[in-house]
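The values are calculated or read from the model by the stated rules, or taken from the named source; none is laboratory data. Worth saying up front: this structure is predicted, and the values here are computed from it rather than measured. Using ideal geometry, Cβ is built from the backbone for each residue, glycine included, and neighbour counts are taken over all protein chains shown. To get the accessible areas, we keep the full protein, side chains included, count just its heavy atoms, and leave off ligands, DNA and RNA. Shrake-Rupley method; radii C 1.70, N 1.55, O 1.52, S 1.80 Å.
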Amino acid sequence: MPEETTATRPSDAALGSGLGRVLLLVYGIFALSASARALVQITTHFDEAPLAYLLSAMAGLVYIAATVGLARGGPRGRRIALISCTIELIGVLIIGTLSVLDKGDFPDATVWSNFGSGYGYVPLVLPFIGLWWIWRHKPE
Amino acid sequence: MNGPLSVATIIAALVLAAWYLLRAALDRAPSRFDLLAAVVLAALVVVLVVVAVAGLFDGGRPADTGTFAGYLITTIAFVPTALVLAKMEPTRWGSVILGVACLVLPVLVLRLQQIASVTGA
């Protein structure tokens, strides 16, 4: 990275450090896969499970927001990341529990079904890592 | 799609993942050899995708051709993207990036196999 860009970038921007870049890569993969999946589901067979597909789309948007927020850093990026990681955590816990208790409401899988078991439970772990990152880089 | 080629790709990716994560654990940045190994893996993936695309024109289309095509594009672009990112990060974290990419690649190949096995009537 050239000097001039790092000089203006907030010190807590995930883009500015190696670990942060790995975190962004994983968040980026999830942002892409969740939104691509939702797009396919909504455009091809929306009527089958509208609730699950809208949730997929929302999850995709939340991952995109978290990725951008973590990448930017600074007060604004921090707030975006904090809100979206919290939504992710609540989402994966609530949808995970609901999908285990009652399969009827979620006939087709979302990223958060069964606590993200279809995605190697990464969706369950990711918000914790995101929140840890935000906590570790909190302003003085 | 279920041939020995995809099995070879999955095994190669997993072996490389272990190697890259070991390198990262030893606090090593990706070496020239590491980057070249990723290029070889990327080439293997290109062959796999070309074979899969050839299969599309050879009858036996998956029921979900759109999704299949999307996964093919993602799969072929995946390792090169990780390579670019790893070159931008000449620290241990560059090795982690390559390692993570090599862990995700088998998932992509398995998903491709899954979609391909559901052939449309």
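If I ask for residues that are surrounded by fewer than 24 Cβ atoms within 10 Å (Cβ to Cβ) and within 10 Å of chain A (Cβ to nearest Cβ), which ones from the range B:100-110 would you list?
Result: B:Val100, B:Leu103, B:Val104, B:Val107, B:Leu108.
Go through the range B:14-47 and report how many residues are β-branched (Val, Ile, Thr) and under 19 Å from B:Met88 (Cβ atoms).
Residues flagged as β-branched (Val, Ile, Thr) and under 19 Å from B:Met88 (Cβ atoms) within the range B:14-47 amount to 1.
Which residue out of B:Ile76, B:Ile115 is open to solvent by less than 30 Å² (accessible area, probe 1.4 Å) and either more than 23 Å from A:Gly120 (Cα to Cα) or in contact (Cβ under 8 Å) with a residue 12 or more places away in the chain (or both)?
Result of the check over B:Ile76, B:Ile115: B:Ile115.
Output the residues belonging to the range B:83-97 that are facing chain A (nearest Cβ under 10 Å) and part of a helix (DSSP H, G or I).
In the first step, residues of the range B:83-97 are kept if they are facing chain A (nearest Cβ under 10 Å); the result is B:85-86, B:88-97.
Within the range B:83-97, B:Leu85, B:Ala86, B:Met88, B:Arg92, B:Trp93, B:Gly94, B:Ser95, B:Val96, B:Ile97 meet the criteria.
Kindly indicate whether any position in the range A:7-25 is away from every other protein chain (no Cβ under 14 Å), assigned to a helix (DSSP H, G or I), open to solvent by 50 Å² or more (accessible area, probe 1.4 Å) and closer than 16 Å to A:Val125 by Cα.
So in the range A:7-25, the residues away from every other protein chain (no Cβ under 14 Å) come out as A:7-13.
Going one step further and asking which of them are assigned to a helix (DSSP H, G or I), we end up with A:7-8.
Among the residues that remain, those that are also open to solvent by 50 Å² or more (accessible area, probe 1.4 Å) are: A:7-8.
From what is left, the residues that are closer than 16 Å to A:Val125 by Cα are none.
Scanning the range A:7-25 turns up no residue that is away from every other protein chain (no Cβ under 14 Å), assigned to a helix (DSSP H, G or I), open to solvent by 50 Å² or more (accessible area, probe 1.4 Å) and closer than 16 Å to A:Val125 by Cα.
Looking only at residues in the range B:63-78 that are among the polar types (S, T, N, Q) and within 14 Å of the chain's Cα centre (by Cα), which one is nearest to B:Pro106 (Cα to Cα)?
So the residue we want is B:Thr75.
Provide a single number: the residues in the range B:79-99 that are open to solvent by 20 Å² or more (accessible area, probe 1.4 Å) and within 20 Å of A:Tyr119 (Cα to Cα).
Final tally of qualifying residues: 1.
Anything in the range B:16-70 that is polar (S, T, N, Q), loosely packed, with under 15 Cβ neighbours inside 10 Å and either touching a residue at least 24 places away in the same chain (Cβ under 8 Å) or within 14 Å of chain A (Cβ to nearest Cβ) (or both)? List them, or say none.
B:Thr65
Closer than 20 Å to A:Val122 by Cα and assigned to a helix (DSSP H, G or I): is that true of B:Ala17 in this structure?
Taking the combined requirement at face value, the residue satisfies it.
I need a count of the residues in the range A:34-55 that are under 11 Å from the mean Cα position of the chain (by Cα) and polar (S, T, N, Q).
Qualifying residue count, the range A:34-55: 1.
I'd like to check something: does the range B:41-62 contain any residue that is touching a strand residue (DSSP E or B) at 6+ places or on another chain (Cβ under 9 Å), over 14 Å from B:Leu105 (Cβ atoms) and of a type in the set (D, E, K, R)?
Yes: one or more hits.
What tally of residues in the range B:3-56 results from selecting those that are in contact with a Leu (Cβ under 8 Å, 6 or more places away or on another chain) and under 14 Å from B:Arg92 (Cα atoms)?
5
Given A:Leu54, A:Leu89, which one is more than 30 Å from A:Pro10 (Cβ to Cβ) and touching a helix residue (DSSP H, G or I) at 6+ places or on another chain (Cβ under 9 Å)?
Working: A:Leu89 fails: more than 30 Å from A:Pro10 (Cβ to Cβ).
Result: A:Leu54 is the single residue among A:Leu54, A:Leu89 that is more than 30 Å from A:Pro10 (Cβ to Cβ) and touching a helix residue (DSSP H, G or I) at 6+ places or on another chain (Cβ under 9 Å).
Under 9 Å between Cβ atoms, which residue pairs at least 6 apart in sequence (or on different chains) link something in the range A:115-140 that is more than 12 Å from A:Arg78 (Cα to Cα) with a partner that is in a loop (DSSP other than H, G, I, E, B) and open to solvent by 100 Å² or more (accessible area, probe 1.4 Å)?
Every condition considered, the pairs that remain are A:Phe115/A:Tyr121.
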